[in-house]
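Here the structure comes first, spelled out in structure tokens, and everything after it is commentary.
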Amino acid sequence: MIASKIRAIWATALNLEEFSDSDNFFSLGGNSLSMTKVQRDIQSKIGITVPMDLLFRKATVTSISMHIIEILPTE
């Protein structure tokens, strides 16, 4: 579920429909400005604040999704 939300956020930010969850955000044409939008959208749609430096280091749908799943509060 998290991965599908991240994928949708990336698709909007990158203006792309087709890409792999293992593709690097920056290899797909992303830049620091579009990553700022991704950060904002993750906060508003998932409710988690992900630091910008982490988004740069975990620049695939899979890696950022795994990080978010690890830090999500459990109920």
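Residues in region 13-25 carry Karplus couplings, in order, of 5, 8, 6, 10, 9, 10, 6, 8, 5, 9, 6, 6, 3 Hz; the curve used is 6.51 cos²θ - 1.76 cosθ + 1.60 with θ = phi - 60°, and Gly or Pro positions show x.
Fully extending the segment from R7 to E70, taken as 0.36 nm per residue of separation minus the present Cα-Cα distance, adds 20.9 nm. Against the chain, whose longest principal axis is taken from its Cα atoms, helix 32-46 shows a tilt of about 30°. Ligands, DNA and RNA left out, the accessible area of the chain computed with a 1.4 Å probe is 54% carbon and sulfur.
Here the peptides 39-51, 5-17 are ranked by packing, the mean other Cβ count within 10 Å, and the order with the highest first is 5-17, 39-51. Dimensions of region 9-75 based on its C-alpha atoms, expressed as ranges along the principal axes with the largest first, amount to 36, 21, 20 Å.
Suppose every K and R has +1 on its Cβ and every D and E has -1 on its Cβ; what is the size of the dipole of the chain about the Cα centre, in Debye to the nearest 20? Intermediate values should be presented prior to the final figure.
On the way: 7 positive and 8 negative charges, 41 e Å.
Once rounded to the nearest 20, the dipole reads 200 debye.
The modelled label-to-label distance between I48 and N31, using points 7 Å beyond Cα along the C-beta direction, is 2.8 nm.
In the chain, helices alone account for a calculated mean residue ellipticity at 222 nm of -18500 deg cm²/dmol, with every DSSP H run of four or more residues adding -39,500 (n - 2.57). The mean sequence distance of close C-alpha pairs (under 8 Å, at least 6 residues apart), as a share of the length of the chain, puts its relative contact order at 38 percent.
Return one whole number: the accessible area per residue of the chain in Å², for a 1.4 Å probe. Please list the in-between numbers first.
Working: 4560 Å² over 75 residues.
Value returned for the chain: 61 Å² of accessible area per residue.
Of L28, L54, the residue with the largest accessible area leads and the full order is L28, L54 (1.4 Å probe).
The values are calculated or read from the model by the stated rules, or taken from the named source; none is laboratory data. This one's a predicted model, so the numbers in the text were calculated from it and none came from an experiment. A quick note on method: Cβ atoms are made from the backbone with ideal geometry, for glycine too, and the neighbour counts reach across all protein chains shown. Accessible surface areas use protein heavy atoms only, side chains included; no ligands, DNA or RNA. Shrake-Rupley method; radii C 1.70, N 1.55, O 1.52, S 1.80 Å.
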